[in-house]
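Undergrad: Pasting a structure below so you can have a look.
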Amino acid sequence: MSSIRHYLTLDATKTLVSTYILSRLDYCNSLLIGCPQTLLKPLQQVQNSAAKLICKAKRSTHCTPLLQELHWLPIEQRIKYKAACLCYHVITGTAPRYLSEIFEIYTPSRSLRSAADDRMFRVPKYKRKKHGGRAFSSSAVQTWNLLPHHVRHSPSLPSFKVKLKTFLFQQHFF
């Protein structure tokens with residue numbers, strides 16, 4: 001793609017990169033939630049190269065300003081975004097049954113201030129300390145429960161996605 005970049009407009013390049021590169025980075029990336037940075041680094045390098053290609057930046061250019069300009073979430077944040085979207089589908093009842101069976105809504109055993117928040121999940125217990133916390137059922141729940149109240153209680157999926165992306169973008173870049 002870099003060999004034909006000078007023939008393409010900015011919008012055409014963004015479309016091509018989104019179609020051929022970002023879609024593959026996002027495919028099944030929710031399974032990578034909780035993975036160490038050493039496993040995510042190659043994916044981040046691909047995204048950084050794509051940002052440099054779009055912006056016609058040199059190889060030595062730092063990528064953070066480019067990602068901000070393109071309004072792209074880094075790989076780790078994209079993974080959290082996807083996991084949180086899946087959790088939103090579970091909360092609203094639009095998720096497949098196999099996914100809804102994994103998560104359990106949190107109901108406190110006694111009267112607490114947090115009892116009014118009906119959009120939280122119970123964090124599952126796991127036996128293996130080394131890998132149990134990285135399981136999707138545990139990591140996705142932890143990601144969801146750490147979201148602010150106004151994000152979790154969005155009235156619709158489009159408004160949830162906007163608030164979630166804004167929250168994750170601000171959390172990472174500011």
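Undergrad: Any chance you could give the angle, 0 to 90 degrees and rounded to 10, that helix 75-92 forms with the longest Cα principal axis of the chain?
TA: The two axes meet at around 40 degrees.
Undergrad: How large is the charge dipole for the chain, taken about the Cα centre, if only the Cβ atoms of Lys, Arg (+1) and Asp, Glu (-1) carry charge, to the nearest 20 debye?
TA: Using Cβ point charges on Lys, Arg, Asp and Glu, the chain gives about 520 debye.
Undergrad: Accessible area of the stretch 1-102 with a 1.4 Å probe: how many percent of it is carbon plus sulfur? Present the calculation step by step, with values, prior to reporting the outcome.
TA: Values: 3530 of 6100 Å².
It is 58 percent, rounded to a whole number.
Undergrad: First check a/c for the stretch 10-63, with a ≥ b ≥ c the square roots of the eigenvalues of its C-alpha gyration tensor; if it is under 1.5, answer rounded, and if not, answer prolate when a/b is larger than b/c or oblate otherwise. Write out the running numbers ahead of the final one.
TA: Details: a/c = 4.06, a/b = 1.42, b/c = 2.86.
Here the stretch 10-63 falls in the oblate category.
Undergrad: Same structure again: Test of the criteria: in the stretch 13-117, which GluC sites (Glu not before Pro) are in a DSSP loop and have at most 15 other Cβ atoms within 10 angstrom of their Cβ?
TA: Sites meeting the loop and neighbour criteria: E101, E104.
Undergrad: Within the set K82/K125; K41/K125; K56/K161; K52/K80, which residue pairs have Cα atoms separated by over 26 Å? Working shown, then result.
TA: Working: K82/K125 23 Å; K41/K125 29 Å; K56/K161 29 Å; K52/K80 23 Å.
Beyond 26 Å: K41/K125; K56/K161.
Undergrad: Also, quick follow-up: Suppose only helical runs count, i.e. DSSP H with n ≥ 4. What mean residue ellipticity at 222 nm does that imply for the chain under -39500 (n - 2.57) per run, divided by all residues and rounded to the nearest 500 deg cm²/dmol?
TA: -15500 deg cm²/dmol
Undergrad: Per 0.36 nm of contour for each residue apart, how much would the distance between R122 and H149 grow if the chain were fully extended, relative to their Cα-Cα spacing?
TA: 8.1 nm
Undergrad: State whether the stretch 37-122 is rounded, prolate or oblate according to the following rule on the C-alpha gyration tensor (a ≥ b ≥ c being the square roots of its eigenvalues): a/c under 1.5 gives rounded; otherwise a/b larger than b/c gives prolate, and the remaining case gives oblate.
TA: prolate
Undergrad: Continuing with the same structure: Per 0.36 nm of contour for each residue apart, how much would the distance between M1 and T64 grow if the chain were fully extended, relative to their Cα-Cα spacing?
TA: 20.5 nm
Undergrad: In nanometres, what is the gap between the two model label sites at C85 and T107, each 7 Å from Cα along Cα-to-Cβ?
TA: Inter-label distance under the simple model: 3.1 nm.
Undergrad: Here's something else I'd like to know. Measuring with a 1.4 Å probe in the full set of protein chains, what accessible area per residue, in whole Å², belongs to the stretch 37-138?
TA: Dividing the accessible area of the stretch 37-138 by its residue count gives 66 Å².
Undergrad: Hey, could you pull the Cα Rg and Dmax for the stretch 1-146, both in Å?
TA: 19.1, 65
Undergrad: Show me 14-26, 80-92, 140-152 ranked by packing, highest mean number of other Cβ atoms within 10 Å first.
TA: On the way: 14-26: 14.2, 80-92: 20.6, 140-152: 17.8.
Listed from highest to lowest mean packing, they are 80-92, 140-152, 14-26.
Undergrad: In terms of modelled amide H atoms, which long-range or inter-chain residues lie less than 5 Å from the amide H of E104?
TA: Residues meeting the amide H criterion: R122.
The values are calculated or read from the model by the stated rules, or taken from the named source; none is laboratory data. Keep in mind that what you see is a predicted model, and the values were worked out from it rather than measured. Heads up, the Cβs are rebuilt from the backbone with ideal geometry, glycines too, and the neighbour counts pull from every protein chain shown. These area figures cover heavy atoms from the full protein model, side chains too; ligands, DNA and RNA do not enter into them. Shrake-Rupley method; radii C 1.70, N 1.55, O 1.52, S 1.80 Å.
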